[in-house]
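The next block holds one structure in the form of structure tokens; read it before the comments.
The values are calculated or read from the model by the stated rules, or taken from the named source; none is laboratory data. Source: prediction; values computed, not measured. Methodologically, a virtual Cβ is constructed for each residue, glycine included, from the backbone with ideal geometry; neighbour enumeration extends over all protein chains shown.
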């Protein structure tokens with residue numbers, strides 16, 4: 001039975017070790033000053049803690065880390081919640097837990113918390129959009145019913161005034177009317193647009209009449225008003 005041969009990871013040179021230590025020392029002192037507004041002097045104990053971390057993290061499956069990788073872990077540590085102005089040797093050995101990025105006070109990656117918050121926010125936003133869509137659909141349906149009642153009421157008023165009324169097939173607020181006394185099919189017809197309130201009037205128009213009525217009241221309570229005034233005869 002053949003065994004898989006795993007080549008050992010090459011050991012770093014003395015120069016690589018020195019450059020990594022110098023980079024970690026410089027960045028740690030700067031981030032410490034920025035976070036705690038205090039000076040940190042890196043000492044031998046911190047170097048030993050860094051060596052212990054590297055000895056534990058570097059194995060046959062994990063190569064010697066680059067300066068950029070360690071600097072990324074340091075930035076994640078100093079951007080985490082709840083950290084104290086402790087000496088580096090107290091936390092350097094646990095630097096690996098910051099691979100997912102800065103942690104919150106509970107030790108959960110902030111990126112995960114942000115993603116969960118974004119998911120919740122999107123769920124809420126989707127619910128709001130759905131409610132608004134239902135509200136808009138209900139308003140459109142109410143408007144359609146209002147227009148239908150309005151057209152019926154204006155048509156009844158026109159018939160009472162001696163007009164023959166023709167309603168379009170489509171669901172619109174237009175009515176076409178002619179006087180019943182007209183002697184020919186080619187007689188002039190008038191177009192009436194039904195309005196639910198005076199605020200809906202189109203000003204200064206002569207191409208059609210506009211009729212205002214309360215669609216929710218009987219003709220005996222509220223009559224239809226025409227703009228301009230409807231002329232008969």
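On the basis of being over 24 Å from the mean Cα position of the chain (by Cα), closer than 30 Å to residue 167 by Cα and touching a residue at least 12 places away in the same chain (Cβ under 8 Å), does residue 146 make the cut? When the stated conditions are applied, residue 146 passes them.
Within segment 120-174, which residues are in contact with a helix residue (DSSP H, G or I) (Cβ under 7 Å, 6 or more places away or on another chain) and outside any loop (DSSP other than H, G, I, E, B)? Within segment 120-174, just 165 meets the criteria. Could you please let me know if residue 111 is loosely packed, with under 15 Cβ neighbours inside 10 Å, at pLDDT 85 or above and under 30 Å from residue 50 (Cβ atoms)? Spelling it out, residue 111 is indeed loosely packed, with under 15 Cβ neighbours inside 10 Å, at pLDDT 85 or above and under 30 Å from residue 50 (Cβ atoms).
Among the residues of segment 15-44, those identified as exposed (fewer than 13 other Cβ atoms within 10 Å of the Cβ) and in a helix (DSSP H, G or I) are 15, 18, 22, 26, 33, 34, 44.
Determine if segment 107-116 includes at least one residue that is in a loop (DSSP other than H, G, I, E, B), over 30 Å from residue 44 (Cα atoms) and outside the structural domain of residue 52 (by TED's automatic domain parsing). Taking every residue of segment 107-116 in turn, at least one turns out to be in a loop (DSSP other than H, G, I, E, B), over 30 Å from residue 44 (Cα atoms) and outside the structural domain of residue 52 (by TED's automatic domain parsing).
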